[in-house]
Amino acid sequence: MGFSMFALIQKAKETIEKYFDRSRHTVASAVRTKNGDVFTSVSVKGQKLDLCSEWSAVVQALMSGSEIEIAVAVHRDTDGNYEIYPPCGLCRELYLTYCPNAQIVLSEVESVQAETLLPKAWTRKK
Ligand SMILES: [Zn+2]
């Protein structure tokens, strides 16, 4: 998974570099599905609500019909420095719900299975 993880991180960096706006978009997600497609999105700051970059990328991947294999989120600061962000609590629930088996990238050298990021989670009754 080494090179492909690196390539996905690069994709997220390119995305936030392209769309960076300190008052609107500061994080980008890149999600790859099992059939090789990569979906990207950025975080959205609204008037009342901020939305993590993960949501739109995950929904695009789900709509493609292929299972999510690996996902990463990269923050860019105003000086152009990048940092891989681990998912927040809500995004951990998102991953647990829609792709519990996906690998979630936590750093340049580490990824973990999504469901391990939220142990003993509450889940909706069927
Ligand atoms: Zn989040």
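Below 8 Å between Cα atoms, with a sequence gap of 6+, how large is the relative contact order for the chain in percent?
21 percent
Mind jotting down a quarter of the surface of the convex hull over the alpha carbons of the chain, in square nanometres, one decimal?
Mean projected area of the Cα convex hull: 8.2 nm².
Between residue 4 and residue 126, what is 0.36 nm times their sequence separation minus the Cα-Cα distance? Round to one decimal in nm.
Here the segment from residue 4 to residue 126 would lengthen by 40.4 nm.
Considering only DSSP states other than H, G, I, E and B, which GluC sites (Glu not before Pro) in the stretch 55-126 qualify as loop sites with at most 13 other Cβ atoms within 10 Å?
Within the stretch 55-126, the qualifying GluC sites (Glu not before Pro) (loop, at most 13 other Cβ atoms within 10 Å) are 108.
Between residue 75 and residue 51, what is the label-to-label distance in nm when each label sits 7 Å out along the Cα-to-Cβ direction?
With each label placed 7 Å out from Cα toward Cβ, I get 2.1 nm.
Show me the trypsin sites (Lys or Arg not before Pro) within the stretch 1-39 that DSSP assigns to loop and that have at most 14 other Cβ atoms within 10 Å of their Cβ.
Of the trypsin sites (Lys or Arg not before Pro), the ones in loops of the stretch 1-39 whose Cβ has at most 14 other Cβ atoms within 10 Å are 22, 24, 34.
Would you compute, from DSSP H runs of 4+ residues alone, the mean residue ellipticity of the chain at 222 nm, taking -39500 (n - 2.57) per run and dividing by the full residue count, rounded to the nearest 500?
Taking each H run of at least 4 residues, the total per residue is -10000 deg cm²/dmol.
Cut-off is 10 Å between beta-carbons; in what order do 75, 25 appear when sorted fewest neighbours first?
75, 25
Laboratory data are not the source of any read-out in this text; all were calculated from the coordinates shown. Everything numeric here is computed off the predicted structure, so don't read it as measured data. Note: ideal-geometry Cβ built from the backbone for every residue, glycine included; neighbour counts use all protein chains shown.
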